[in-house]
Structure formats: C-alpha cells, structure tokens
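Working notes for the structure below.
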Amino acid sequence: MKMDHNDEMSMEKMHHDHQMDMSEHDMDMGGGHMMHMGNLKRKFWVSLVLTLPIILMSPMMGIQLPFQLTFQPWSDYLVAILGTVLFVYGGQPFFSGAKAELQNKKPAMMTLISMGIGVAYVYSIYAVIANNLLNVTPAVTDFFWELATLIDIMLLGHWIEMNTVMNAGSAVDNLAKLLPSRAHKLVDGTVQDVGVDQLAHGDHLQVRAGEKIPADGVLVSGATSVNEAMVTGEARLVEKHVHDQVVGGAVNGDGTFEMQVTGTGEDGYLAQVMKLVSDAQAAKSAQENMADRVAGLLFYAALTVAIVAFIVWALVGSLAAALSIAVTVLVIACPHALGLAIPLVVARSTAIAASHGLLIRNRDAMERVKDLNYALMDKTGTLTAGNFKVAAYQSTSDQLTADQVLTIMAGLESGSSHPLAVGILAAAKAHGLTAAQASNVQQLTGVGLGGQVDGQDYQIVSAAYLDQHGLTYDHATFDELAAAGNSLSYLLAGQTVLGFVAQGDQIKPEAKHLIDSLLAQNVTPVMLTGDNQQSAQVVARQLGIQDVHASLLPEDKAKLVQHYQQAGQHVMMIGDGVNDAPSLAQADIGVAIGSGTDVAIDSADIVLVKSNPNDVVDFLALARKTTRKMSQNLWWGAGYNVITIPLAAGILAPVGFLLNPMFGAVVMSLSTIIVAINAMTLRLGK
Ligand SMILES: Nc1ncnc2c1ncn2[C@@H]1O[C@H](COP(=O)(O)OP(=O)(O)OP(=O)(O)O)[C@@H](O)[C@H]1O
Ligand SMILES: [Cu+]
Ligand SMILES: [Mg+2]
C-alpha cells in the first residue's frame, strides 16, 4: 500500500508498532475496509469538486431544478464523463474494501455500498446512451446526481468515522510516547548518550531534572521527586530516595539522580501496560461477538430486502423508482453503527482506565459488574497499608531474652517480603540489633516460615497454627494485644513457644470510602484475612464491615469465594495479588491491588496500579458506565437498521414518504456519528 498522507501514516504506524490490529479487529464487524480506504480526506474534497458541475448539469430524479443548466446532448456526455471519473476515483475505497470482504468470504457493508453505487452507475450510463444515442422513449432517468452526492457523503462519513476510531484507539500510542528516545548512560564515570533500545539490565543511568525516566530501575544515588501521573494516573509528586523504584516514562522533578536499570523494552513496566491494554482491546467480549454476528447477517437481510423491493417497485412503479429504492436500501443498510457500537466504547473505556491506573485484563469482567452483589476483600495490603509497626515483642521462655527473640525472628524473616517480615526487620534495626544468620528458610504459606539459626530449627507461626496444633501460649496476652488491633507472630522451637512479636497496621484512609460506596451500590463487603480474628474485627468495625472471616489460608479464601458463588451470588474479590491468587482467579471479578510496578499478576481480571482502594470505586463506576454505553450503542445501531431499511424499501410510500439515496447516505453517516459521539462522551466523572 502506498502511503502519502498523515492519516494513513499513523494508521499504519499504529498497526505495525504495537500489533494493535485495529483493522483485523473490526474486519469481522464489517469495517475491514479501513486499511484499504486510502486517503479519505483528499478523496472527499476532490470528489466534492467533481460533484458541483454534475449537480449543476444533471437533474435530480429526472426533475430539473431552477438553478440547473443543461445543453443537450453535450451536458449529458459531460456529466457521464465526470460521473465516471468520480465513480472510479471516489468509489475506489469502497471497491477495495468490498474486495477484501469478499476475499475473506465475509461480504458486509463495503460490498453493500459498492453494489449500491455500482448499480446506480451502470444504470445511469445506460440512461445516457439510451436517451442520446438510441432515442428511447420515454426518456430513461439517470442517477448521476444521486451517485455523486452519495459518494461524497459516504466518503465524508467514513472519513469522520475513521478519525474517531483512530483517536479512540490511540491509548497505546500515547503510552508509547511516554518513553524518551535517549538515555544518559554512565560508563566508567563518564556520561554517554545512548538510545533507550540499547539499554540493558544493570546499566547505570543518569537522569537529570525535568527529564523523562528512560527505563524501570532503582535509584542508586541522589534523591528527587517524580511525577508518575502518566503511568499511574496519580497526579502528585512522589519522593524518591536511594533504593526506591522508579518507573520508565515517569517525569523527573528537580533532582538529578543515578539509577540502575531493572526493566527495559518488553519487560519494562510501560511495555507490559501497553501489552495489557492492546490485548484487552483486541479480545472480544460476549456482547461484541453478538454485534458482529448481527452486522454480518445484515448483509443478507439488506440484499434480500433490496431485491424484493426492486421487483415490487418495478411491477407497481417504474424501473427508475425501483432502482433508486434498491440503491437506497443497499446504502442505508450499511451496518457501520452496529459494527462500531462496541469497539468504540471499548477503545474509549480501556484508554480511560489506563490513564487512571486501572488495567483491565479481562473485559468480560466489566460486563459482570452489573450483577455484582458481594465484594470479598483481603485485609493486609488492601484495606490496611501493610505497613506494620512493632508494638511489643517478648520472650516467653527463660531460654532467650526479648532482644534475642527479635534477632532470631529478624534473621528468619530477612529474605521475606511479607508485610509482617518487613515490620520485624525494621524493628530489629530500630533497636540496634543485627539480624541473625538464618539458613534453610522455607515459607509456610498462610502460616509463616521455618528455618535454622545456629543449627537450631525454628518456626515463625500465627496463633491459629498454635491452636490447631494444641501448643500452649499465653492467651490473655494474645487477647489483649490482638484486641488492640495487633497481628502476632510466635517464635517456635519444636513444641515450645519462645516469644512473640506484636505488630499494628494502619487502615488506609480511602478504605472507608470504598466500603461506604460498596454499601451504597448494594454490594455487601466481606473481609477475608489470614490474620487473627481480633485484629480483623478491629479493622472491620472501624470500616463498617459486618462479615469477617479470619485465620484463612489462601485456599480457604478461594473456597469461600466458591461458597458464595454456589449460593448464587456474584462475587468480586479484591486482594493484593500475592497470597490471594487462587481466590482472585475463582471470583467472577478478580481485582488485584498491585503496588507500583508489579503488573505481572496473572490471576486477576483487573489490576489497580496504585494501591488505592478508591480505585475499586472508580473501576465499578467505569464498568457500569461502559456497559451502559455499550447497550445504548447496540440498541441504537440495531434499532437504526430495523427502522431505516423498511423505510428505504418504501414501506411508507403509500402515505407519500420515500427516502432518496442521498438522504439514505446522510442517515447512515449520522447514525455512525451518533454512535461514535456517544462512545466518546464516556467519562469517569470526578
Ligand atoms: N513471613 C511471615 N512472617 C510472619 N508471619 C507470617 C508470615 N507469612 C505469613 N504469616 C502468618 O500467616 C498469616 C496469614 O498470612 P497471609 O499472608 O496469608 O495473610 P495476611 O497477608 O497476613 O493477611 P491478609 O489475608 O489480610 O492479607 C499472617 O497473619 C501471619 O500470622
Ligand atoms: Cu457505513
Ligand atoms: Mg495479604
């Protein structure tokens, strides 16, 4: 394909750069022509210029209008020549679209349009020959007036439409623009400017004030504040110090810093987001498949109606009227509105989602929101910050001192990223203790972990584990600390409890709003936590959650989700995506609250980039609005054809109402534009 214009260039670019195959995507809905349509804008203007003399010299439906001038037979010949040029030049996009449709054995709207203008053209040429060379009486009416205006309006309509589709689909393009093209690489103390495509893991880069960060990485020297709004949707400056992670594409504030690259190219955060967005846009949801099938059927329906109308009108009226009506039916049946009804909303909705830090991995989940009535959620990391502070630590045997308990526990936890582990390590450090050397450390999922220190076997476990195994510990102290909202971790050697650490967490400030908003939407919030009953209750009470299930193992969470589903409930699960994976996968809607750069969460339908519970509220609102727009568009798209096809066929002709082909083309373009505008006005109000 020859490219000579911007519109087409960006279409091509989008196509190849990101495999966001818009053309294939709407191929099935009958819009595969778009890639073959060439430069619609120029074609429209040139065709319009060619149309003016035709309008001037050719009578409409055989009726001579006052401003028209004809000089027979030359004006007829001139019109025929101009009409032929226009037909070939302006009709070309539709013909190549039709060819592609027929090659795919999926005749659809381009085929309809080509048939419509083809019939009008052939008949008009015949009219000119019959009138001027064969001197047939009565004179045969030609359709050049209609043909010309029809082609113009079709070009205009499809040009506008293509623009809308491209604008809506450019979310991925916009994301791609976030990455700068060059980076300052530090090699042996000197700065070298290299292309970002040459960056590798472990490279050291310098990032200067105001620059875009070229790759994911860790800050190794300096400090700054960065704006991650383009990536997370959160429009505020985030402070970054040594060891903090930075995301490629974010904008550096006024500090200069050095970073070590941890993610580039395909495994960079931005690339993953782009992949998620384009996958989600390309995948078809149930509603969309239905729209496609209906649009496919329309071809046959329109063809049948056109043929029947032609025969009937040829019998009761004139051949000219029959042809005009058949052409109008073919044109008006163009199922554009229907074909675009869903994809345009999808494109818009995924773009909005991405810019708000909501990554939609499975769009069917969005359509399920309307049935939602239970929201199960994890506590630590979801409702609470997961930012534990040690409130107390004690030795409960005479074998160890309290500090020794903490030292051993810190040693065992040093390889763990569990929020409780992080809290214990921080406490040890704050008390000036050096974590013990631990070996053979093993995770005990949902319980804690086990390992060796100085040749001695230890375990860190929850109170629930002690209860299950009938091990003795001080229940009064536990009750007191847990009731104050603490999570307790016990140090165990064999059957003996040696000590414990009690840690408190903070409720996220936005959690209350999430619960209130769920209740307002008639969605019952339920807390599922691996933590103890008492501290779970403390959080639940403050947030207004009635149903609490505590001391759960990851598989218990999944079983509970299943339990609700078997009772006929539609369940959303919100979790931090680590130990909640099974339940996220089981739920009708799995929402992973992933902090920062961790988007590789396979079990969730939705990933919230920021760890903000309020984003669940945003997601629900967006999902509801999206579903509403989709059904509005479906109704409009399908309803439009149901009403206009019979009208075009002349069903109201007995009462004097008959559409002419040009008007048919206007209506068809308008319907598409209405559907497009309806999709574009989708907003996430705030
Ligand atoms: N690394 C660890 N150190 C100490 N205790 C742990 C560790 N991992 C798990 N536990 C214990 O197991 C329990 C369950 O852990 P799990 O990770 O399943 O849930 P959680 O993240 O604490 O809570 P939630 O389910 O609300 O997120 C914890 O409450 C804790 O008592
Ligand atoms: Cu169309
Ligand atoms: Mg958790």
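The values are calculated or read from the model by the stated rules, or taken from the named source; none is laboratory data. Bear in mind that the values here come from a model prediction, so they are computed numbers and not experimental data. Using ideal geometry, Cβ is built from the backbone for each residue, glycine included, and neighbour counts are taken over all protein chains shown.
Name the residues in the stretch 454-508 that are among the aromatic types (F, W, Y) and under 24 Å from L543 (Cα atoms), would you? Result: F478, single match.
Please tell me if M662 is assigned by TED's automatic domain parsing to the domain that holds V312, in a helix (DSSP H, G or I), out of contact with any strand residue (DSSP E or B) (no Cβ under 8 Å at 6 or more places or on another chain) and crowded, with 24+ Cβ neighbours inside 10 Å. For M662, the condition - assigned by TED's automatic domain parsing to the domain that holds V312, in a helix (DSSP H, G or I), out of contact with any strand residue (DSSP E or B) (no Cβ under 8 Å at 6 or more places or on another chain) and crowded, with 24+ Cβ neighbours inside 10 Å - is not met.
Exactly one residue out of V128, V191 is at pLDDT 85 or above, over 23 Å from F663 (Cα atoms) and either in the same structural domain as Q72 (by TED's automatic domain parsing) or touching a helix residue (DSSP H, G or I) at 6+ places or on another chain (Cβ under 8 Å) (or both), and it is V128. Filtering the stretch 410-424 to residues that are modelled with pLDDT of 90 or more, within 16 Å of ligand 3 (Cβ to nearest atom) and not hydrophobic (A, V, I, L, M, F, W, C) leaves E413, G423.
Of the residues A483, A463, which is within 13 Å of ligand 1 (Cβ to nearest atom) and either under 23 Å from T380 (Cβ atoms) or modelled with pLDDT under 95 (or both)? Step by step, each of A483, A463 is checked, and only A463 is within 13 Å of ligand 1 (Cβ to nearest atom) and either under 23 Å from T380 (Cβ atoms) or modelled with pLDDT under 95 (or both).
All conditions but one from (1) surrounded by fewer than 16 Cβ atoms within 10 Å (Cβ to Cβ); (2) in a loop (DSSP other than H, G, I, E, B) apply to Y473; the one that does not is (1). Residues that are among the small types (G, A, S) and at pLDDT below 85 number at least 1 in the following strands (runs of 3 or more DSSP E) confined to the stretch 195-282: 257-263. Residues considered: A333, A351. Of these, the only one that is away from ligand 1 (no atom under 16 Å from the Cβ) and buried (at least 23 other Cβ atoms within 10 Å of the Cβ) is A333. As a summary of the residue check, L481 satisfies the conditions (1) in contact with a helix residue (DSSP H, G or I) (Cβ under 9 Å, 6 or more places away or on another chain); (2) free of Cβ contacts under 8 Å to residues at least 24 places away in the same chain except for the one numbered (2). Could you check, for the stretch 497-514, whether at least one of its residues is in contact with an Asp or Glu (Cβ under 8 Å, 6 or more places away or on another chain) and outside the structural domain of M409 (by TED's automatic domain parsing)? There is no residue in the stretch 497-514 that is in contact with an Asp or Glu (Cβ under 8 Å, 6 or more places away or on another chain) and outside the structural domain of M409 (by TED's automatic domain parsing).
Can you tell me which residues in the stretch 476-499 are more than 14 Å from Q534 (Cβ to Cβ) and surrounded by 14 or more Cβ atoms within 10 Å (Cβ to Cβ)?
Across the stretch 476-499, the qualifying residues are S489, Y490, L491, L492, A493, V497, L498, G499.
Filter the stretch 364-383 down to the residues that are crowded, with 24+ Cβ neighbours inside 10 Å and either within 16 Å of ligand 1 (Cβ to nearest atom) or under 8 Å from the mean Cα position of the chain (by Cα) (or both) and list them by number.
A375, L376, M377, D378, K379, T380, T382, L383
Condition check ((1) more than 10 Å from ligand 1 (Cβ to nearest atom); (2) closer than 25 Å to A484 by Cα) across all residues:
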position	(1), (2)
P509	yes, yes
H513	yes, yes
L519	yes, no
D531	no, yes
S535	no, yes
V539	no, yes
L543	yes, yes
S551	no, yes
Q562	yes, no
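The set of residues in the stretch 513-561 that are surrounded by fewer than 21 Cβ atoms within 10 Å (Cβ to Cβ) and within 27 Å of the chain's Cα centre (by Cα) comprises H513, D516, S517, L519, A520, Q521, N522, V523, T524.
Exactly one residue among T445, T401 is surrounded by fewer than 18 Cβ atoms within 10 Å (Cβ to Cβ), within 16 Å of ligand 3 (Cβ to nearest atom) and of a type outside the set (G, A, S), and that residue is T445.
Note on the stretch 453-473: residues that are under 21 Å from G530 (Cβ atoms) and either within 16 Å of ligand 2 (Cβ to nearest atom) or acidic (D, E) (or both) total 1.
The rows are residues; the columns are (1) within 16 Å of ligand 3 (Cβ to nearest atom); (2) acidic (D, E); (3) assigned to a helix (DSSP H, G or I); (4) touching a Pro at 6+ places or on another chain (Cβ under 8 Å).
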site: A392; (1), (2), (3), (4): no, no, no, no
site: I408; (1), (2), (3), (4): no, no, yes, no
site: A426; (1), (2), (3), (4): no, no, yes, no
site: G451; (1), (2), (3), (4): no, no, no, no
site: D467; (1), (2), (3), (4): no, yes, yes, no
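Matching residues to (1) away from ligand 2 (no atom under 14 Å from the Cβ); (2) of a type outside the set (S, T, Y):
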| residue | (1), (2) |
| --- | --- |
| Y77 | yes, no |
| A80 | yes, yes |
| F94 | no, yes |
| A108 | no, yes |
| W159 | no, yes |
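Residue selection: V441 fails the criterion of being assigned to a helix (DSSP H, G or I), under 28 Å from K557 (Cβ atoms) and more than 16 Å from ligand 2 (Cβ to nearest atom).
The set of residues from the stretch 411-437 being near ligand 1 (Cβ under 8 Å from one of its atoms), out of contact with any Leu (no Cβ under 8 Å at 6 or more places or on another chain) and not hydrophobic (A, V, I, L, M, F, W, C) comprises H418, P419.
To keep it simple, each residue is scored yes or no on (1) surrounded by fewer than 24 Cβ atoms within 10 Å (Cβ to Cβ); (2) within 19 Å of G685 (Cβ to Cβ); (3) at pLDDT below 80.
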{"residue": "K610", "(1), (2), (3)": "yes, yes, yes"}
{"residue": "P613", "(1), (2), (3)": "no, yes, no"}
{"residue": "V617", "(1), (2), (3)": "yes, yes, no"}
{"residue": "A623", "(1), (2), (3)": "no, yes, no"}
{"residue": "R628", "(1), (2), (3)": "yes, yes, no"}
{"residue": "V642", "(1), (2), (3)": "yes, no, no"}
{"residue": "I645", "(1), (2), (3)": "yes, no, no"}
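For the stretch 98-107, the condition holds for no residue, the condition being that it is in contact (Cβ under 8 Å) with a residue 12 or more places away in the chain and under 20 Å from L50 (Cα atoms).
Looking across the stretch 384-396, the residues that are of a type in the set (S, T, N, Q) and either within 13 Å of ligand 1 (Cβ to nearest atom) or outside the structural domain of L425 (by TED's automatic domain parsing) (or both) come down to T384, N387. Inspect all residues belonging to the stretch 320-340 and state whether any of them is in contact with a Gly (Cβ under 6 Å, 6 or more places away or on another chain), assigned by TED's automatic domain parsing to the domain that holds A638, of a type in the set (G, A, S) and away from ligand 3 (no atom under 16 Å from the Cβ). Yes, the conditions are met somewhere in the stretch 320-340.
Report, by residue number, each residue of the stretch 199-220 that is within 18 Å of T262 (Cα to Cα) and exposed (fewer than 13 other Cβ atoms within 10 Å of the Cβ). Those that are within 18 Å of T262 (Cα to Cα) and exposed (fewer than 13 other Cβ atoms within 10 Å of the Cβ): A200, G202.
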